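Below is one structure, written out as structure tokens; the observations come after it.
The values are calculated or read from the model by the stated rules, or taken from the named source; none is laboratory data. These numbers were taken from a predicted model, which means no experiment stands behind them. Virtual Cβ from ideal backbone geometry, glycine too; neighbours counted across all protein chains shown. When the accessible area is computed, the model is the full protein with side chains, heavy atoms only, and any ligands, DNA or RNA have been set aside. Shrake-Rupley method; radii C 1.70, N 1.55, O 1.52, S 1.80 Å.
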Amino acid sequence: MTDSNTESKAESNAENNSEQREKRTPAEWITFTIACFILAAIIGLVLYNWRTKKQEPPIISVTRNEPIREVQGQFYVPFAVTNTGGETAESVQIVAELRVNGEIVESGDQQIDFLSSGEMEEGAFIFSRNPSQGELSVRSSSYKLP
């Protein structure tokens with residue numbers, strides 16, 4: 001007799017569970033719908049980013065758009081470095097050389113720790129000699145991949 005009592009209790013528990021599962025409040029449906037939309041949006045953004053991301057190495061370019069300025073006998077040479085490639089670059093080395101009569105009279109180097117795709121960083125080199133009296137070159141010399 002205990003077996004039939006156990007079976008009837010199990011059946012009644014199963015019926016109660018199925019009744020409880022069928023009863024969803026409007027608030028639960030609204031919450032479920034919003035969660036599904038958020039999940040679909042995140043998946044869509046990840047797929048969009050994966051599809052449109054450039055699959056090429058870093059392309060580093062250095063430009064000088066601002067004029068050289070003199071302050072207290074020192075000459076500030078501003079520059080901007082941009083990564084137009086698809087991947088991130090680390091430890092980007094920027095070198096500036098001032099040549100007078102074909103001879104390097106002053107040089108400087110800077111390191112930019114992190115430059116992601118499409119990112120631009122600005123900086124300045126400081127010279128004690130006037131760069132307009134010689135030939136000034138500012139370029140990137142190296143980087144490493146993360």
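Listed by first and then second residue, the pairs with beta-carbon distance under 6 Å, at least 6 apart or on different chains, first residue in segment 134-146 and over 17 Å from Val62 (Cα atoms), second open to solvent by 60 Å² or more (accessible area, probe 1.4 Å), are Gly134/Arg99.
Of everything in segment 73-95, what is farther than 17 Å from Arg129 by Cβ, touching a residue at least 40 places away in the same chain (Cβ under 8 Å) and among the small types (Gly, Ala, Ser)? Give them in sequence order. Listed by number, the residues that qualify are Ala80, Ala89, Ser91.
The set of residues from segment 87-98 being closer than 16 Å to Pro57 by Cα, touching a Pro at 6+ places or on another chain (Cβ under 9 Å) and open to solvent by less than 60 Å² (accessible area, probe 1.4 Å) comprises Thr88, Ala89, Glu90, Val92. Beta carbons closer than 6 Å, at least 6 apart along the sequence or on distinct chains, pair a first residue in segment 60-72 that is free of Cβ contacts under 8 Å to residues at least 12 places away in the same chain with a second that is surrounded by fewer than 16 Cβ atoms within 10 Å (Cβ to Cβ) and assigned to a strand (DSSP E or B) for Arg69/Tyr76. Considering only residues in segment 99-118 that are in contact (Cβ under 8 Å) with a residue 24 or more places away in the chain, in a strand (DSSP E or B) and open to solvent by less than 100 Å² (accessible area, probe 1.4 Å), the one that is nearest to Gly73 (Cα to Cα) turns out to be Val105.
Mind checking which residues of segment 24-80 are outside any helix (DSSP H, G or I) and open to solvent by 100 Å² or more (accessible area, probe 1.4 Å)?
Taking segment 24-80 and keeping what is outside any helix (DSSP H, G or I), we get 24-25, 53-80.
Residues satisfying the conditions are Arg24, Lys53, Lys54, Gln55, Arg64, Asn65, Glu66, Pro67, Arg69, Glu70, Gln72.
Can you name the residue in segment 133-146 that is open to solvent by less than 50 Å² (accessible area, probe 1.4 Å) and of a type in the set (A, V, I, L, M, F, W, C) and is also nearest to Gln72 (Cα to Cα) among such residues? Selected residue: Leu136. Can you find a residue in segment 119-132 that is surrounded by fewer than 15 Cβ atoms within 10 Å (Cβ to Cβ), without any contact (Cβ under 8 Å) to a residue 40 or more places away in the chain and not charged (D, E, K, R)? For segment 119-132, residues surrounded by fewer than 15 Cβ atoms within 10 Å (Cβ to Cβ), without any contact (Cβ under 8 Å) to a residue 40 or more places away in the chain and not charged (D, E, K, R): absent.
Collect the residues in segment 119-132 that are more than 11 Å from Phe79 (Cα to Cα) and under 20 Å from the mean Cα position of the chain (by Cα), keeping them in residue-number order. Across segment 119-132, the qualifying residue is only Glu119.
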